[in-house]
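I have placed the structure first, in the form of C-alpha cells, so that the comments after it can refer back to it.
The values are calculated or read from the model by the stated rules, or taken from the named source; none is laboratory data. All figures in this text were calculated on a predicted structure; none of them were measured in a lab. As a convention, Cβ positions derive from the backbone with ideal geometry for all residues, glycine included, and neighbour counts pool all protein chains shown. Protein only, heavy atoms only, side chains kept; ligands, DNA and RNA dropped before computing areas. Shrake-Rupley method; radii C 1.70, N 1.55, O 1.52, S 1.80 Å.
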Amino acid sequence: PHVVLQQLPQPYHSPLMQDFRRTLHERLSQMHIPLSAPTVPIFSGVLHQWIDASNYQRVNFVDLIARQATEPVDFVEQLMALRERGMNAFYEVGPGQMLETSIKSVLGESTLAYRDSDTLIRQLVGKA
C-alpha cells in the first residue's frame, strides 16, 4: 500500500471534519428520507463491503454518509473492488477532475473509460 497526499480545499475524510459530521447526521436524520434497498450493489468505503438487497436492512445509510466525511479512504481498495466486479467506467461528479489521475494510476490508462461530470451531463441530455 502507498499513500498519496492530495492538496484539498477541505480536510475531507479526517477527524477535522467532526463538526460537519455531526451537523450532517443531524440534518439527514431530521429529513426522514425514505431509502429503499439498492437495486444495484453499492460499495461502501466505510464498511469496506458491498451493500445490496440482502444486507441492506443492517445498514444505516445516514450514519454511513456522515462517517464518510471523517473516516480515511482506501481509494485503491475501493477501485479494486469495483474492478473485480467488472466495472471500468467512472464518472467524477463535482468540480474539476481531482480523481482522474488517481483512477488512471491505479487501474491503468488503457483499461479505463473515465468521464468528468461535464461529459456525463452532456451524455445524459443527448449532446455528447
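Students often check this: by mean Cβ neighbours within 10 Å, which of 37-49, 67-79 ranks highest, and how do the rest follow? Intermediate results must be reported in sequence, preceding the final value.
Numbers: 37-49: 13.2, 67-79: 16.2.
Output ranking for 37-49, 67-79: 67-79, 37-49.
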Expected output is a single nm value to one decimal: the length gained when fully extending between residue 18 and residue 74, i.e. 0.36 nm times separation in residues minus the C-alpha distance. What is it?
18.3 nm
Quantify, in whole percent, the carbon and sulfur part of the accessible surface of the stretch 37-79 (1.4 Å probe; protein heavy atoms only).
55
Once 27, 83 are ranked on solvent-accessible area with the largest value leading and a 1.4 Å probe, the list reads 27, 83
